[in-house]
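Student: Here it is: the structure, laid out below.
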Amino acid sequence: LCVYSYVGEPQLEAGLQALSVRPKRRAGVFQDLVVNTRQNLEHVRHSKTGSEGKAVKLVTNHFRLTCPQWIAYKYNVDFKPDVDDTNLRSQLLFQHESVFGISHIFDGNSLLLSRRLTNQVKLEVLPGYITSILPYENSLTLCADLSHKLLRLETAYDLIMRLKENNEFAKIKEELVGSIVFTRYNNRTYRVDAIDWNQTPRDTFPKSDGGQITYVQYYKQKYNEYITDFKQPLLVSQGRWKKGRRLMPRSPIRLVPQLCYLTGTIQRGSSIMRELSAKMRPGPMNRSRVLKEFRDSLQVDQNAQRELSRWSFVLDPDFLSISGRTLKEERIFQHKDSVSTYL
């Protein structure tokens, strides 16, 4: 039984002296007083149902909530540079929801998850597709295959700050210039051609309407991305040539290191590489399942359907089936060893 009272009221406190009350007393503050009413009432001391009177069926304002037993994992979250605004901390963290999942509780400092974060290597595999439309015998076919991008969970900003502490500016240039970075806000990759130490996110650039806007304002308005360090340098990428305009000079693109994730390779033969290979090279059943999901997604994507209908194209719902053969077992000899295999 919860009794809501004003702690400073003496008459109520005197009336509850015979009961077991353990409130957190602060004068002048409303508190929830948890009162044990069963220990002094004989008819309900050992049972909730009682024995007197007539039994009736009642309906409460409670709803049963069932859930399986699970373990909660708690992680402390730090921001570099530090961010004081709790709402901003949440918005920055939830940009990485793909890493820790949708089941989470964050209070600004601690992150509560229903599963353990197993990636200690700071790597993430981004799934994707490679597609092409080519003639096959007497018809056109859409050929689709899985493609994965290996992404480090370290940003260019992290690398700059880590090396800058020891004044390793030459090392920063060596690591970044010529590398490929990935920006999540538009799912694109860029080659870093230079580091502009003279410009920061507070600098402005011209908009299409002729006005000026800072990089901080631009990324907030267009992508809802928050830049927290206004003194970081900018990365310069020469960008790509537009189709049919290779003779035209390319306009350099300036990127904010905080929003650029590093891509890279892993040493062959390592246990990490073997684990990633299992994800990046799924078996036939998993591969066909993912490709079927890709095919189904085209059915509900309005842009894809608009483009297909423009050319009166229709995709079949199932994979193209062809006939094949399984050959008899062959024995392969290699030096002193031999192995049986099916071709």
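Student: Condition test on Pro127, is it under 19 Å from the mean Cα position of the chain (by Cα) and part of a strand (DSSP E or B)?
Tutor: Spelling it out, Pro127 is indeed under 19 Å from the mean Cα position of the chain (by Cα) and part of a strand (DSSP E or B).
Student: May I ask you to list the residues in region 83-113 that are within 25 Å of Asn186 (Cβ to Cβ) and small (Gly, Ala, Ser)?
Tutor: The answer is Ser90, Ser98, Gly101.
Student: Residues Lys222, Lys242, Lys207: which one is open to solvent by 60 Å² or more (accessible area, probe 1.4 Å) and modelled with pLDDT of 90 or more?
Tutor: Lys222 is the lone residue from the list that is open to solvent by 60 Å² or more (accessible area, probe 1.4 Å) and modelled with pLDDT of 90 or more.
Student: Next question, about the same structure. Please verify whether region 158-181 includes one or more residues that are hydrophobic (A, V, I, L, M, F, W, C), modelled with pLDDT of 90 or more and part of a loop (DSSP other than H, G, I, E, B).
Tutor: Scanning region 158-181 turns up at least one residue that is hydrophobic (A, V, I, L, M, F, W, C), modelled with pLDDT of 90 or more and part of a loop (DSSP other than H, G, I, E, B).
Student: From the list Leu111, Leu163, exactly one residue is free of Cβ contacts under 8 Å to residues at least 40 places away in the same chain and in contact with a His (Cβ under 7 Å, 6 or more places away or on another chain). Which is it?
Tutor: Leu111
Student: Restricting to region 176-204, give me the number of residues that are closer than 15 Å to Ser237 by Cα, open to solvent by 40 Å² or more (accessible area, probe 1.4 Å) and either among the charged types (D, E, K, R) or touching an Asp or Glu at 6+ places or on another chain (Cβ under 6 Å) (or both).
Tutor: So the count comes out to 3.
Student: Here's another thing I want to ask about it. How many residues, within region 138-152, are open to solvent by 50 Å² or more (accessible area, probe 1.4 Å) and more than 18 Å from Phe294 (Cβ to Cβ)?
Tutor: 3
Table: residues versus (1) in contact with a helix residue (DSSP H, G or I) (Cβ under 6 Å, 6 or more places away or on another chain); (2) modelled with pLDDT under 80; (3) surrounded by fewer than 10 Cβ atoms within 10 Å (Cβ to Cβ).
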{"position": "Thr49", "(1), (2), (3)": "no, yes, yes"}
{"position": "Lys57", "(1), (2), (3)": "no, no, yes"}
{"position": "Phe63", "(1), (2), (3)": "no, no, yes"}
{"position": "Cys67", "(1), (2), (3)": "no, yes, yes"}
{"position": "Trp70", "(1), (2), (3)": "no, yes, yes"}
{"position": "Val83", "(1), (2), (3)": "yes, no, no"}
{"position": "Arg89", "(1), (2), (3)": "no, no, no"}
{"position": "Leu93", "(1), (2), (3)": "no, no, no"}
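Student: What pairs come out if I take residues in region 58-71 that are within 22 Å of Ser114 (Cβ to Cβ) and pair them with residues that are open to solvent by less than 100 Å² (accessible area, probe 1.4 Å) and assigned to a loop (DSSP other than H, G, I, E, B) whose C-beta lies under 6 Å away, six or more apart or interchain?
Tutor: Hits for this filter: Trp70/Ser114.
Student: Moving on to the next point. How about region 64-88: which of its residues are within 13 Å of Ile105 (Cα to Cα) and touching a Phe, Trp or Tyr at 6+ places or on another chain (Cβ under 9 Å)?
Tutor: Within region 64-88, Tyr75, Val77 qualify.
The values are calculated or read from the model by the stated rules, or taken from the named source; none is laboratory data. These figures come from a predicted structure and were not determined experimentally. Positions of Cβ are backbone-derived with ideal geometry, glycine not excepted, and every protein chain shown enters the neighbour counts. The accessibility values were calculated without ligands, DNA or RNA, using every heavy atom of the protein model including side chains. Shrake-Rupley method; radii C 1.70, N 1.55, O 1.52, S 1.80 Å.
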